[in-house]
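A quick write-up on the structure given underneath.
The values are calculated or read from the model by the stated rules, or taken from the named source; none is laboratory data. As the structure is a computational prediction, the values presented were derived from the model and not from experiment. Cβ: placed from backbone, ideal geometry, glycine included. Neighbour counts: every protein chain shown. Just the protein is used for accessible areas: all its heavy atoms, side chains included, with ligands, DNA and RNA removed. Shrake-Rupley method; radii C 1.70, N 1.55, O 1.52, S 1.80 Å.
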Amino acid sequence: MIKIFNSLAEINQLLKKHDDYRNNCLNLIASENYINPTVRKYLNSDLCGRYGCYEGLEGEDREYTGNKYIKEIESKTIELVKDIFKADYCDLRAIGGHIAGVASVLALTDPEDLIMEVILENWGHGLIEPMAATVRHFDRVFNVEPIPYQKNQTINTEKFMAEIRLKKPKLIILGSSGMLFPEGVAEIAAVAEEVGAYLIHDSSHISGLIAGGVFPNPLEEGADLMFCSTHKSFPGPQGGIILSNSKEIMQKVNKVMPTLVTSHHINRLPALAAAILEMKKYGEKYGRQIIKNSKALAEELSQKNFNVLAEDRGFTESHLLLMDVSEFGGSYKAARKLESSQILTSDDFGGPDKEIRIGTAEITRRGMKEKDMGEIADFFKRVLIAQEKEEEIINDLERYLNQFNDFSYCLKK
Ligand SMILES: *Cc1c(COP(=O)(O)O)cnc(C)c1O
């Protein structure tokens, strides 16, 4: 049985253990990031106990009294978000990418409209289909079909465009948790427009690369709406964003949002603003180095005989790479084996159990460059191929990571 906390000291002790452990892990989880302590300290303010709920576009009419400065903080943060993502309208109330996605879908569809999304098998997030499969209410109103994929976990664009013309969906949700390359959004947007479908881009993973200007901005390519997390390749506090250039679309989102979130955790807003200032200064350099590191790590792993996807396309153009680990007992087993040596990757979360996902955002923030990727690949070899003892690997890994405690691309106070 778990003993309850009896004192603050016990809470502190466990948090300290967590910090030490994670600092000594090689974190290659593509959906996480290291948050600069300067940014993080903005989470700790009076705002963490306040309400900022509103109706009307971008927080015009506040429901609570006492919002004199809260309103200004939110408006200024919204302006920063619109500026860095080059959008005309923005909603910051979603407390994560998932709820931002759900709100967007509910805003833009009627019951039984056809929605096309990326399924789990292709590293889809599973925004709608798992909800429909789990919650009976949703099963009655959502009608979902998969976006066709091909090898290298990329969209089969030809087939997809033919299907859009044939099936005439009401809504298309592009974007996945395993996006290796830009996806030809403009081409798909044109066909979506032909049949009158809304095109949403789920940029949860790549929002940091978009903010840095090193990955195409889906809104500029013709997506009607983009939503994302603020804590994956984008190194901000956990949260969600919805963006669009269409006032009409954002008015619809705006109506739905207060039905899903009433306390929108406004303490994250100053931290998000600080993270955006950080990205305005360092985002491009940070983004370029992430992509270089992904390519270099993929190359090094491939040279060590690991089966990295998309060699024919240079492996990756994003913050992640995918590796088929079927020969090591599958995705789940390989990720757990790596975890026992303090190397954190992601299994495919209930997909076909073949590929693990390896992300480079956090190690880039830790200061690693292309030249360091050989060493990282060597740790994979020692765990999965040579099957060396965990203690020995952990010992060497901790010593190795100790060289990288000077985090880069961070605004100082
Ligand atoms: C992580 C993720 C989400 C969900 O975002 P949260 O911030 O975890 O709520 C949505 N879509 C994709 C593609 C993701 O990878």
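Residue check: Gly52 meets all listed conditions (1) within 16 Å of the ligand (Cβ to nearest atom); (2) of a type outside the set (Ser, Thr, Tyr); (3) part of a loop (DSSP other than H, G, I, E, B) but one, namely (1).
Cβ-Cβ contacts under 6 Å between residues 6 or more apart (or on different chains), taken from a first residue in region 158-176 that is under 20 Å from Ser207 (Cβ atoms) to a second residue that is open to solvent by less than 60 Å² (accessible area, probe 1.4 Å) and among the β-branched types (Val, Ile, Thr), are listed as Ile173/Ile200; Ser176/Val118. Only one residue in Ile95, Ile99, Ile70, Ile78 is touching a Gly at 6+ places or on another chain (Cβ under 8 Å) and assigned to a loop (DSSP other than H, G, I, E, B). Which one? So the residue among Ile95, Ile99, Ile70, Ile78 that is touching a Gly at 6+ places or on another chain (Cβ under 8 Å) and assigned to a loop (DSSP other than H, G, I, E, B) is Ile95.
If you check Thr262, Thr230, which single one turns out to be within 16 Å of the ligand (Cβ to nearest atom) and either surrounded by fewer than 16 Cβ atoms within 10 Å (Cβ to Cβ) or farther than 23 Å from Asp61 by Cβ (or both)? Steps first, please.
Working: Thr262 fails: within 16 Å of the ligand (Cβ to nearest atom).
After applying the criteria, what remains is Thr230.
Does region 11-28 contain at least one residue that is within 16 Å of the ligand (Cβ to nearest atom), at pLDDT 95 or above, more than 18 Å from Asn254 (Cα to Cα) and open to solvent by less than 40 Å² (accessible area, probe 1.4 Å)? Checked region 11-28: at least one residue is within 16 Å of the ligand (Cβ to nearest atom), at pLDDT 95 or above, more than 18 Å from Asn254 (Cα to Cα) and open to solvent by less than 40 Å² (accessible area, probe 1.4 Å).
When Thr65 is tested against (1) open to solvent by 80 Å² or more (accessible area, probe 1.4 Å); (2) within 22 Å of the chain's Cα centre (by Cα); (3) not aromatic (Phe, Trp, Tyr), just one condition goes unmet, and that condition is (2).
If the condition is being among the small types (Gly, Ala, Ser) and either touching a Leu at 6+ places or on another chain (Cβ under 6 Å) or loosely packed, with under 15 Cβ neighbours inside 10 Å (or both), then region 35-60 contributes Gly49, Gly56.
So if I check each of Leu174, Leu219, which one is among the hydrophobic types (A, V, I, L, M, F, W, C) and within 15 Å of the ligand (Cβ to nearest atom)? Outline the logic, then answer.
Numbers: Leu219 fails: within 15 Å of the ligand (Cβ to nearest atom).
Leu174 is the lone residue from the list that is among the hydrophobic types (A, V, I, L, M, F, W, C) and within 15 Å of the ligand (Cβ to nearest atom).
Screening region 168-189 for residues that are in contact with a His (Cβ under 9 Å, 6 or more places away or on another chain) and among the small types (Gly, Ala, Ser) and picking the one that is surrounded by the fewest Cβ atoms within 10 Å (Cβ to Cβ) gives Gly178. Here is the figure for region 327-376: residues that are closer than 24 Å to Asn152 by Cα, open to solvent by less than 10 Å² (accessible area, probe 1.4 Å) and in a loop (DSSP other than H, G, I, E, B) total 2. Considering region 237-252, and only residues there that are among the small types (Gly, Ala, Ser) and away from the ligand (no atom under 11 Å from the Cβ), the residue that is least open to solvent (accessible area, probe 1.4 Å) turns out to be Ser244.
From the set of residues in region 89-136 that are hydroxyl-bearing (Ser, Thr, Tyr) and open to solvent by 30 Å² or more (accessible area, probe 1.4 Å), which is farthest from the ligand (Cβ to nearest atom)? Out of the qualifying residues, it is Tyr89.
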